[in-house]
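A.B. asks: Dropping the structure in here first, questions after.
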Amino acid sequence: MPTLLFQPRGHHVASLKTKVTGIDFENPYLLGSGPPGTNAKVIAKSFDLGWGGVVGKTISLDASKVVNTAPRYGKLKDKTNPDIVVGFENIELISDRPYATWLDEFRQLKKQYKNRVLVASIMEEYRKDAWQTIVREVQETGVDAFELNLSCPHGLPERKMGMAMGEDPSICEEVVGWVREVSKIPVWAKMTPNVGDPKVPAKAALKAGAHGISTINTILSVVGVDLRTLRPMPTVEGYTVPGGYSGQAVRPIALRHVMEIARAVPGVAISGMGGIETGFDAAQFFALGASTVQVCTGAMLQGYECINKLNEELLKVLVDHKLENISQLVGKSLPYFSTHFDLVERQRAAKAARTGANKDAETWKGEIKRETDSLTSV
Ligand SMILES: Cc1cc2nc3c(=O)[nH]c(=O)nc-3n(C[C@H](O)[C@H](O)[C@H](O)COP(=O)(O)O)c2cc1C
C-alpha cells in the first residue's frame, strides 16, 4: 500500500500517515458508516485492501426494532451517460443485525487488526441509561473510537433518534454529555446538514466534550417521481418517505459545512464526508479543515479497491504542493473566505491597480490640492 511516495525531482517525500484525536491512521481514509462496513467480513476485507479505518454501520441495543424495505435506494443518473451516478438517495435504517453479534465481531476484528482503526457508530433512544449501556458495552470490545449518529434523517427520527437529536442543540449537548460520563475512548459526533446553521449543534456537541465532529450525514431529499405511475421514488408498495441524499451532488454542500465548523472552532478534529470519489475530492475537504475523510457512496459505486486510487491522488496533491503530510494541508484554504463587502473592496482595489490609478499620469491632472490629499494617508 503506497503510504510513501518519492518524487524523483527534488527528492520530496510525502506520507499519508496521520494522528487525529490521539488515534494513529495509516492513511486518513475511513469507510463511512453504511453498507461498506456492515459486518466483520467486509470490514476485514477493507482493512486488507488498505483503508485507514472503518466506521461500522450504525448499531443500537435492540436490532429487532429495525426493519428495512426493498427497494431502499434511488439513483440520480447523468442525462448523457447513465453509468455516471450524480446523486444517491437511501431510505435505509441502521443495522438490523443483532447487537450481540456486533460485539463479538468488534472484539474479533480488534484482535486481528490491531493497527487499523475501527470506529463504532452508535445510536440510541432519548434515554440516558440506553446511551450509557451501549457505550460501556461497546468500548469493552476494544474499538478505537465512537461515532455518535445524531444525524440519520429518515426512519429513526420517527423514534426521536438520529437527526431528531442532531437538529436540537440542547439534546446534542445532553446526549454527548451522557456519553462522555462513561466513555474512555475518543468520541466523534456525527452531524446533520439538515439545519440552518451547522455551527450551532456542532458547538453544542463540542461543549459537552465531543473530541471531534463528523459531517455530513445525508441531506433530506426526494430523488424523483416515476412519470409512468406518478409515484415518488424509491417506491415501496406505491409509497415513499423523503430519504437521505449522498454522492457527488452533495459534495459542495458538505464542503461548506466542514468549512463553517472549521472556521468557527479553529483546530477542531473534523472527519469530512459527502460525495468523495477521488483523492482530489478528499484533498478539498482537508484544505477546508477536515483532518480525516470518510467515503460511503463512493465505495458503493466504485468498490472497496478504490482506496489505492484515493491514496495515489491525495499523495499527488501533497507532492505537487511540496507538503510532507496531511496536517500541512489541513485548513490551507480557510483564510480565503471573506465577506461580500470585502470582495467588492478587493475588486475595486485590483481594478484601480490595473487601470493605472497609481500611476503619475493618471493622478496629476491639475487639481493639485485634491490630488495631494488623495495620496495622503491621514
Ligand atoms: C445506503 C446508505 C446507508 C447509510 N447508513 C448510515 C448509517 O447507518 N449511519 C450513518 O451514520 N450514516 C449512514 N449513511 C450516511 C453516510 O455515512 C454518509 O454520511 C453520507 O452518505 C455522505 O457521504 P457519501 O456521499 O460518501 O456517501 C448511509 C449512507 C448511505 C448511502
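A.B. asks: Roughly how many whole Å is it from the C-alpha centroid of segment 332-371 to that of segment 105-171?
C.D. replies: 53 Å
A.B. asks: Could you tell me how many degrees, from 0 to 90 and to the nearest 10, lie between the Cα long axis of helix 128-139 and the main elongation axis, the longest principal axis, of the Cα atoms of the chain?
C.D. replies: Between the helix axis and the principal axis of the chain, the angle is about 90 degrees.
A.B. asks: While we're on this one: Relative to the longest principal axis of the chain, what angle (0 to 90°, nearest 10) does the C-alpha long axis of helix 99-112 take?
C.D. replies: Roughly 70 degrees, rounded to the nearest 10.
A.B. asks: Sorting check: for 65-76, 140-151, which peptide has the highest mean count of neighbouring beta carbons within 10 Å, and how do the rest follow?
C.D. replies: Values: 65-76: 15.0, 140-151: 23.1.
Put in order of decreasing packing, that is 140-151, 65-76.
A.B. asks: Sequence neighbours fewer than 8 away in the same chain don't count; with that in mind, list the lysines whose C-alpha is under 21 Å from Lys41.
C.D. replies: Lys57, Lys110, Lys111, Lys114
A.B. asks: So what are segment 270-378's ellipsoid semi-axes, whole angstrom, largest first, if each one is the square root of 5 times an eigenvalue of the alpha-carbon gyration tensor? Don't skip to the end; give the middle numbers.
C.D. replies: Details: eigenvalues 476, 38, 30 Å².
Taking √(5λ) for each eigenvalue gives 49, 14, 12 Å, largest first.
A.B. asks: When the convex hull of the Cα atoms of segment 321-378 is projected onto a plane and the area is averaged over all directions, what value comes out in nm²? Intermediate values should be presented prior to the final figure.
C.D. replies: Numbers: hull surface 28.1 nm².
If you wrap the Cα atoms of segment 321-378 in a convex hull and average its projections, you get 7.0 nm².
A.B. asks: Where does segment 120-228 land on Rg(C-alpha)/(2.2 N^0.38 Å)? List each step's numbers first, then the result.
C.D. replies: On the way: Rg = 14.4 Å, N = 109, 2.2 N^0.38 = 13.1 Å.
In units of the globular-protein estimate, segment 120-228 measures up at 1.10.
A.B. asks: In whole Hz and in residue order, list the ³J(HN,Hα) couplings for segment 243-249 that follow from phi through the Karplus curve 6.51 cos²θ - 1.76 cosθ + 1.60, θ = phi - 60°; x for Gly and Pro.
C.D. replies: In residue order, the calculated couplings are x, x, 9, 8, x, 2, 4 Hz.
A.B. asks: Still on this structure, please answer the following. Nearest 20 debye, what's the magnitude of the dipole of segment 4-334 about its Cα centre given +1 on Lys and Arg Cβ and -1 on Asp and Glu Cβ? Before the final figure, lay out each step's value.
C.D. replies: Values: 37 positive and 35 negative charges, 91 e Å.
Dipole about the Cα centre, nearest 20: 440 debye.
A.B. asks: Hey, another quick one. Find the Rg to Rh ratio for the chain, where Rh is the Kirkwood radius over alpha-carbon pairs and Rg uses the same atoms. Could the numbers behind the result be given before it?
C.D. replies: Values: Rg = 24.0 Å, Rh = 22.3 Å.
Taking Rg over the Kirkwood Rh, I get 1.08.
A.B. asks: Something else: Per residue of segment 275-284, in order, report the coupling 6.51 cos²θ - 1.76 cosθ + 1.60 (Karplus, θ = phi - 60°) as ³J(HN,Hα) in whole Hz, putting x for Gly and Pro.
C.D. replies: Going residue by residue, I get x, 7, 10, 9, x, 6, 4, 4, 4, 5 Hz, with x marking Gly and Pro.
A.B. asks: Can you give the angle from 0 to 90° between the axis of helix 251-264 and the longest principal axis of the chain, with both taken from C-alpha atoms, to the nearest 10?
C.D. replies: Taking the Cα atoms of the chain, the angle to 251-264 is about 70 degrees.
Values in this text are rule-based calculations from the coordinates and carry no lab data. This is a predicted model, so every value here is computed, not measured. Cβ sites come from the backbone with ideal geometry, for glycine too, and all protein chains shown count toward neighbours.
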